[in-house]
Amino acid sequence: MPREAEPSLNEREFVLKALQENTRLDGRELDQYRPLELTFGDQYGVADVTLGKTRVLAKASAEVTVPYTDRPLDGIFNIATELSPMTSPAFEVNRPTETEVLISRLLEKTVRRSGALDTESLCLVAGQKCWSIRVDVHVLSHDGNLIDAACFAVVAALRHFRKPDTSMEGGVLTVYTPAEREPVPLSWLHSPFCITWSFFGEEGEIALLDATWLEEQVRVGSCTISLNKHGEICQIAKLGGTPVEAVALLQCTNVALSRAKDFSAFLDRKLAEDAKRRDKGGLLAELSAENDR
């Protein structure tokens with residue numbers, strides 16, 4: 001199995017020495033994120049997220065299907081991740097790596113199991129028909145902190161997505177095209193975000209946010225905290241590595257709440273800007289014969 005080229009001993013020593021002096025290679029503070037950019041596509045449900053040199057594209061789609069027999073009143077919601085060899089030589093087609101499995105599980109716990117999307121609202125006919133919502137996550141460029149970028153892209157895509165409107169008359173389900181009826185947004189309950197801390201030093205005494213790929217290669221442990229702007233924690237994932245003091249984790253959680261509020265405000269602003277861009281003024285504006293001069 002191909003492996004990513006590891007940093008040399010000199011690079012490791014340089015990064016660790018700089019962190020001990022509270023200095024990062026790109027000049028950021030220890031609790032500072034790289035510049036975050038979000039672009040929505042022409043279609044509803046397409047979100048392109050750039051975090052420094054890390055870039056993730058998420059696309060939401062919907063289709064009518066049969067619900068699970070044990071959940072006849074719920075719709076179906078799935079998240080699929082793809083890490084292609086274009087992203088890194090360590091990734092192969094149809095052979096999920098540990099990183100890909102980890103991202104899938106964390107996104108599953110953060111977004112799906114936290115009840116961010118109301119799956120009961122996706123039910124069309126109990127036990128017979130429901131909406132199946134699927135989000136495909138494509139990593140286009142990998143420079144560290146894929147989990148945070150992927151989670152933000154998934155939440156942005158779902159909040160931006162619009163599914164076709166439906167009606168039920170005489171037991172017949174009708175799905176309308178966008179030309180017939182305006183698509184409707186999903187029933188969204190809260191917006192959880194992943195905040196990943198990386199720990200450095202022999203005892204993990206140095207903690208920083210939004211590690212780059214080089215910093216990830218040097219760290220001795222990491223912890224991903226998923227929470228929304230109200231401070232409701234969805235999950236905390238500390239997968240191995242050097243043990244961290246409980247007090248340090250509490251401090252990390254307080255900073256993570258502040259970052260989650262920033263992410264939520266940033267996403268709300270971007271969604272409002274996109275809605276304003278798409279708003280042509282209603283039917284009268286479409287029927288108007290005036291043109292821009």
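For the pair Phe266 and Glu108, label points projected 7 Å from Cα toward Cβ lie 2.8 nm apart.
For the peptides 191-204, 172-185, 155-168, the ranking by packing is 191-204, 155-168, 172-185, with the highest mean count of neighbouring Cβ atoms within 10 Å listed first.
Nothing charged except the Cβ atoms of Lys and Arg (+1) and of Asp and Glu (-1): what's the magnitude of the dipole of the stretch 10-286 about its Cα centre? Round to the nearest 20 debye. Write out the running numbers ahead of the final one.
Details: 31 positive and 40 negative charges, 96 e Å.
In total the dipole reaches around 460 debye.
Our helix-only sum for the chain, with -39,500 (n - 2.57) per DSSP H run of n ≥ 4 divided by its residues, gives a mean residue ellipticity at 222 nm of -9000 deg cm²/dmol. Relative contact order of the stretch 10-286, taken over Cα pairs closer than 8 Å and 6 or more residues apart, is 18 percent. By definition, a body whose alpha carbon gyration tensor gives a ≥ b ≥ c is prolate when a/c is 1.5 or more and a/b is larger than b/c, and the stretch 148-293 fits this prolate description. Charging the Cβ of each Asp and Glu at -1 and of each Lys and Arg at +1, and nothing else, the dipole of the stretch 1-136 about its Cα centre rounds to 140 debye. Taking only protein heavy atoms and a 1.4 Å probe, the accessible area of the chain is 50% carbon and sulfur. Loop-located trypsin sites (Lys or Arg not before Pro) in the stretch 68-142 (DSSP state other than H, G, I, E, B) with a sparse environment of at most 15 neighbouring Cβ atoms within 10 Å: Arg113.
Taking each residue as 0.36 nm, the span from Ser187 to Glu98 lengthens on full extension beyond its C-alpha to C-alpha distance by 28.8 nm. One Cα centroid belongs to the stretch 168-198, the other to the stretch 49-82; the line between them spans 11 Å. Rounded to the nearest 10 degrees, the inclination of helix 146-160 to the longest alpha-carbon principal axis of the chain is 20 degrees. Computed extension gain for Glu245 through His230, at 0.36 nm per residue and net of the alpha carbon distance, reaches 2.9 nm. Lysine pair count for the chain with Cα-Cα distance under 20 Å and sequence separation of 8 or more or different chains is 14.
Rolling a 1.4 Å probe across the protein heavy atoms gives the chain an accessible surface of 55 Å² per residue.
Need one word for the chain: rounded, prolate or oblate. Basis is the Cα gyration tensor (sqrt eigenvalues a ≥ b ≥ c); a/c below 1.5 gives rounded, then a/b vs b/c decides.
prolate
Relative to the longest principal axis of the Cα atoms of the chain, the long axis of helix 246-278 lies at roughly 40 degrees.
Counting Lys and Arg as +1 and Asp and Glu as -1 over every other residue whose Cβ lies under 13 Å from the Cβ of Leu36, the net charge comes to +2.
Simple rule: put +1 on each Lys or Arg Cβ and -1 on each Asp or Glu Cβ in the chain, find the dipole, and look at Val184, Pro96, Leu267; the Cα lying farthest toward the positive end is Val184.
When you count the other C-beta atoms within 10 angstrom of each residue and take the mean per peptide, 35-47, 64-76 line up highest first as 35-47, 64-76.
Since only Gly41, Ile206, Val247 are under comparison, the one whose Cα sits farthest along the positive direction of the charge dipole of the chain, derived from C-beta charges on Lys, Arg, Asp and Glu, is Gly41.
The values are calculated or read from the model by the stated rules, or taken from the named source; none is laboratory data. Because the structure is predicted, anything quoted here is derived from the model rather than measured. As a convention, Cβ positions derive from the backbone with ideal geometry for all residues, glycine included, and neighbour counts pool all protein chains shown. Each accessible area value is taken on the protein alone, full model and side chains, heavy atoms only, with ligands, DNA and RNA left out. Shrake-Rupley method; radii C 1.70, N 1.55, O 1.52, S 1.80 Å.
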